[in-house]
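J.: Below you will find the structure I want to go over with you.
The values are calculated or read from the model by the stated rules, or taken from the named source; none is laboratory data. On a predicted model such as this, the values are computed, not experimentally measured, just so you know. Methodologically, a virtual Cβ is constructed for each residue, glycine included, from the backbone with ideal geometry; neighbour enumeration extends over all protein chains shown.
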Amino acid sequence: MALFSKTTAKKKGRAAKKAPAKVLGMKKTLTVKESPLAMKLLSRPRITEKSYALNALNQYVFVVAKEATKHSVKRAIEEAYAVNVEKVRIVCLPAKTRVFGKNVGTRSGVKKAIVSVAKGQTIELFKSGM
């Protein structure tokens, strides 16, 4: 029993030395703001090798709703991420047929928006993977 009491005493001593995260100065760097327009139009960022290559040119790719327009996507990005959007390009990817053995199905089509941000500004959501 002496072995167990020694190890628990060491653990209690270590727990007392740790400081809370607020004291150490750690903070969250999530820059996404709650916006009803963004919640409605922006589905998710499209993370591919090609989209990461565009990040070097201050361009970011998002999957958007089917009814989204260039103007509405621009407003949603500016509200949600607090950046100045210079240009928006929209591409509709078609649905594709998939075959699973005897079964034939379709993969749904996607509408994506390529957003160009002003020089010197970034969207922090994409920095983690680079």
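J.: Mind counting the residues in segment 30-44 that are closer than 17 Å to residue 112 by Cβ and either hydroxyl-bearing (Ser, Thr, Tyr) or at pLDDT 90 or above (or both)?
T.: Total meeting the criteria: 1.
J.: Looking only at residues that are of a type outside the set (Ser, Thr, Tyr) and within 16 Å of the chain's Cα centre (by Cα) in segment 66-83, which one is nearest to residue 38 (Cα to Cα)?
T.: Within segment 66-83, the match that is nearest to residue 38 (Cα to Cα) is 76.
J.: So, in segment 74-120, of the ones that are in contact with a Leu (Cβ under 6 Å, 6 or more places away or on another chain) and under 20 Å from residue 54 (Cβ atoms), which residue ends up surrounded by the fewest Cβ atoms within 10 Å (Cβ to Cβ)?
T.: That would be 110.
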